[in-house]
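Peer 1: Dumping the structure here so I can ask a few things about it.
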Amino acid sequence: MKSRYDVVVVGAGPAGSITAQTCAEGGMDVLLIEKRQEIGDPVRCAEGVGKDALIKHIQPDTRWIAAEVKGSRIIAPDGTRILMSGDAAMKDVGYTLERKVFDRVLAQRAAMAGAEVMVKTRATGLLRNNGRVAGIKAMYMGDVHEIKADIVIGADGVESKIGRWGGIDTTLKPHEIEACVQFLISNFDPGEYSEFYLGEKYSPGGYAWIFPKGGRSANVGIGVLGSKSGNIRAISLLSKFIETYIPQGRIVEIVVGGVPVTGPIKQTVTDGLMLVGDAARQSDPLTGGGITNAMDAGKMAGEVCIKAREKGDFSVRSLKEYEDKWRSTIGKEMSKSLQVKNLLLKLTDEQLNQLAHSLDGVDVSKMELGKLLTVLIKKNPRLLWGLRTLFK
Amino acid sequence: MSVNVNRYKCGYCGACVGVCPVGALELVETWLEIENTCTSCGICAKICPVGALLVVK
Ligand SMILES: Cc1cc2nc3c(=O)[nH]c(=O)nc-3n(C[C@H](O)[C@H](O)[C@H](O)COP(=O)(O)OP(=O)(O)OC[C@H]3O[C@@H](n4cnc5c(N)ncnc54)[C@H](O)[C@@H]3O)c2cc1C
Ligand code: SF4
Ligand code: SF4
């Protein structure tokens, strides 16, 4: 470790590793730190990604693709099934990853591009120079080091502190987080589709999922909206779900985690600092998917860093380009998702069933989510009135 | 004022860290550190997916 870099990236998840790789490829001197001793472990993810969104960044590799799915199935509270497959549906599903391997591969790619990587190294605070962010304090093996940098990237996930230290309040309110538990279930055949179980029956303000993970196993989990968690907890709902639907299943791994479902936040840059991925609350508020959004944001942030260095300007004026870029791309999708989510939250299980039944006789199998919603809105104008301007 | 962590239950996921309004929690590998700035507001205990936190007034 040196005492100065051009860029210090905090957190080696998908967001941090892609940012570090992009910066290093652009000739910048990069340090990527991760507080855990093993990158990607323990996992906090259901590991589902869309094919197209993934392939933009990296070619699929059997080392970290656990399973390939044919599409997704949405299950209404009364058991009505809506099947979505084909190319269009692949925007949202496609692969189940093995993130323990995937995350490490992404960090290795950053390393091979020239970034220095340090694990078991935790950021404990920011350095400042004339009020602006000028590096970090980090603890490695019990010793605190000061590391100067032109710019600090906060890629520190759901528990992010970098933003708060830099004066950007990213604290999640209870209704802005899904509290999740997932079991890797063995000894059952999940089929070839990713499944989403909607309704209060399965989870208040969230959903249950079954993502095939290959070799007669699947990630089976439940997320509960934080504001509805407390008396009811994700872990007890999940145990009940498995007893009911997969009694023969055997639990071979437990995953616990929180997903930000805030929607686009107001501020993600300040002088000498940018936030990416879950730290910037960039996961999709409807699906909770955040891997490819984090990668997209990392790429955009890296490219803006390179430009900032050319200009010699790491102030907000220069970094704002990143903020504009992510807002006009992934941010737009997130806003739509947030509106759909807010509407779904208001629907009763009976109304959800009604929506599912309205698709009787419609071939939705080749539609993507946006198109499916358009059809739903047409058929249920009163129920979905609030969404009419979103999907045309 | 503080919270108690049941270390035998906690899945060290960091969700509680993200919701604490005063930044009193910190996840270090597999354990939570709790600073004395905790106001016992109870938000972390509410959202913990496995119920590993207990507020002490
Ligand atoms: C139960 C669950 C299921 C999910 N399912 C899916 C899914 O199916 N598909 C999908 O796309 N997304 C899913 N997500 C969301 C997805 O996991 C995240 O959006 C994604 O990991 C975000 O990537 P990131 O790089 O921003 O953050 P992370 O992957 O969380 O990485 C952040 C890293 O920063 C490190 N860090 C934190 N603080 C510090 C510090 N002070 N110093 C050094 N390092 C630090 C952490 O240890 C961590 O490794 C799920 C999330 C959960 C909880
Ligand atoms: S939310 Fe619960 S399981 Fe997760 S780190 Fe906090 S106490 Fe542990
Ligand atoms: S009780 Fe409130 S202040 Fe105390 S740690 Fe939990 S969230 Fe933070």
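The values are calculated or read from the model by the stated rules, or taken from the named source; none is laboratory data. If you're wondering where the values come from, they're calculated on a predicted model, not measured in any experiment. Virtual Cβ from ideal backbone geometry, glycine too; neighbours counted across all protein chains shown. Note: accessible area is taken over every heavy atom of the protein model, side chains too, but ligands, DNA and RNA are not part of it. Shrake-Rupley method; radii C 1.70, N 1.55, O 1.52, S 1.80 Å.
Peer 1: For the list (1) of a type outside the set (S, T, N, Q); (2) more than 14 Å from chain B (Cβ to nearest Cβ); (3) within 30 Å of A:A234 (Cβ to Cβ), I need the number of the one condition that A:E146 fails.
Peer 2: (3)
Peer 1: Right, here's the next one. Give the residue that is farthest from the other protein chains (Cβ to nearest Cβ), with candidates limited to residues of segment B:9-23 that are under 16 Å from A:R164 (Cβ atoms) and more than 15 Å from ligand 1 (Cβ to nearest atom).
Peer 2: B:V22
Peer 1: Continuing with this model, one more query. Six or more apart or on different chains, Cβ atoms under 8 Å: show the pairs whose first residue is in segment B:31-57 and open to solvent by 50 Å² or more (accessible area, probe 1.4 Å) and whose second is more than 15 Å from ligand 1 (Cβ to nearest atom) and assigned to a helix (DSSP H, G or I).
Peer 2: B:K46/A:P174; B:L54/B:A45
Peer 1: To continue, here is another question. Would it be correct to say that A:V158 is among the aliphatic types (A, V, I, L, M) and either open to solvent by 40 Å² or more (accessible area, probe 1.4 Å) or within 16 Å of ligand 3 (Cβ to nearest atom) (or both)?
Peer 2: Yes, satisfied.
Peer 1: I need a count of the residues in segment B:1-21 that are open to solvent by 70 Å² or more (accessible area, probe 1.4 Å) and more than 6 Å from ligand 2 (Cβ to nearest atom).
Peer 2: Looking only at that region, the number is 6.
Peer 1: While we're looking at this one, here's another question. May I ask you to list pairs of residues, at least six apart or on different chains, whose Cβ atoms are under 7 Å apart, with the first in segment A:128-155 being closer than 8 Å to A:G272 by Cβ and among the acidic types (D, E) and the second being open to solvent by 50 Å² or more (accessible area, probe 1.4 Å) and modelled with pLDDT under 95?
Peer 2: Here the result reads none, with nothing in segment A:128-155 linked to a residue that is open to solvent by 50 Å² or more (accessible area, probe 1.4 Å) and modelled with pLDDT under 95.
Peer 1: Against the definition (without any contact (Cβ under 8 Å) to a residue 40 or more places away in the chain and touching a strand residue (DSSP E or B) at 6+ places or on another chain (Cβ under 8 Å)), how does A:P42 come out, yes or no?
Peer 2: no
Peer 1: Considering only residues that are under 23 Å from A:V101 (Cα atoms) and open to solvent by 10 Å² or more (accessible area, probe 1.4 Å), which ones fall in segment A:215-249?
Peer 2: Scanning segment A:215-249 gives A:G215, A:R216, A:S217.
Peer 1: Please find, within segment A:250-278, the residue that is nearest to ligand 2 (Cβ to nearest atom) out of those that are open to solvent by 10 Å² or more (accessible area, probe 1.4 Å), over 21 Å from B:C48 (Cα atoms) and hydrophobic (A, V, I, L, M, F, W, C).
Peer 2: Among those residues, the one meeting the criterion is A:V252.
Peer 1: Residue check, B:W31 against (1) within 16 Å of ligand 1 (Cβ to nearest atom); (2) of a type outside the set (A, V, I, L, M); (3) within 7 Å of chain A (Cβ to nearest Cβ), all met but one. Which one?
Peer 2: Just one mismatch for B:W31, condition (3).
Peer 1: For segment A:114-121, indicate whether the set of residues that are in a helix (DSSP H, G or I), of a type in the set (V, I, T) and more than 14 Å from every other protein chain (Cβ to nearest Cβ) is non-empty.
Peer 2: So far as segment A:114-121 goes, no, none of its residues is in a helix (DSSP H, G or I), of a type in the set (V, I, T) and more than 14 Å from every other protein chain (Cβ to nearest Cβ).
Peer 1: I've got another one for you. Taking the residues in segment A:159-173 that are facing chain B (nearest Cβ under 9 Å) and under 18 Å from the mean Cα position of the chain (by Cα) as candidates, determine which candidate is farthest from A:R132 (Cα to Cα).
Peer 2: Here the answer is A:K173.
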